[in-house]
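Inspection log for the structure reproduced underneath, given as structure tokens.
The values are calculated or read from the model by the stated rules, or taken from the named source; none is laboratory data. Remember, predicted model here, so these are calculated numbers, not experimental data. Virtual Cβ from ideal backbone geometry, glycine too; neighbours counted across all protein chains shown.
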Amino acid sequence: MIPAPLRGGRVLDIGCGSSPYFLSHTAFVEKHAIDQMPPAPTAGGIAWHQLDLNAEPTLPFEDGYFSVVTMLAVAEHLDPAALERLFAECRRALAPGGQLIVTTPAARADRLLHLLARTGLVSREEIDEHKYAYTPGLLGWYFGRAGFAMEKVSFGSFELSMNLWATAER
């Protein structure tokens, strides 16, 4: 989903967890991570920023710093007000032509995820941390509130439509 020309710049992965798999397995000139957890000792080559974005959804970077910002399975863990502010911060931190990429469980999967958590088939702790479930329309609303032009926003689904992806270009 990341166009090749954007890989020549900087990437920020928000909510990557202490072992940032995506950042460890992707090619960018410069890699940054934000999570509320400290990094694992194996997270070398990644500039780490330990922040609680629910408490303070502000990014410590200058305007236009990144070519790509990713939030992979993170939006559902943020309070809706924090998500709105964070999307605006992502837009601010993206260079012109830069891209925000978001994945999240689809709202239709919410009940199933809670059932699977109760039976132990998925992490109960992780599912219990979900604050909200999203539809493409609602994600689009948040992108619009953050200042992204709707003609530069795209949506899709994967894993039998149980998960959503969305991209917004600055």
Which one of the conditions (1) farther than 17 Å from residue 16 by Cα; (2) within 17 Å of the chain's Cα centre (by Cα); (3) in a strand (DSSP E or B); (4) not hydrophobic (A, V, I, L, M, F, W, C) does residue 85 fail to meet, given that it meets all the rest? (3)
Picked from region 1-45 (must be touching a Lys or Arg at 6+ places or on another chain (Cβ under 7 Å) and buried (at least 17 other Cβ atoms within 10 Å of the Cβ)), the residue nearest to residue 169 (Cα to Cα) is 11
Some residue of region 143-151 being touching a strand residue (DSSP E or B) at 6+ places or on another chain (Cβ under 6 Å), part of a helix (DSSP H, G or I) and aromatic (Phe, Trp, Tyr): yes
Scan of region 100-137 for residues that are more than 15 Å from residue 162 (Cα to Cα), touching a residue at least 12 places away in the same chain (Cβ under 8 Å) and of a type in the set (A, V, I, L, M, F, W, C), ordered by number: 100, 101
In the list 66, 28, which residue meets the criterion of being at pLDDT 90 or above, in contact with a Cys (Cβ under 9 Å, 6 or more places away or on another chain) and among the hydrophobic types (A, V, I, L, M, F, W, C)? 66
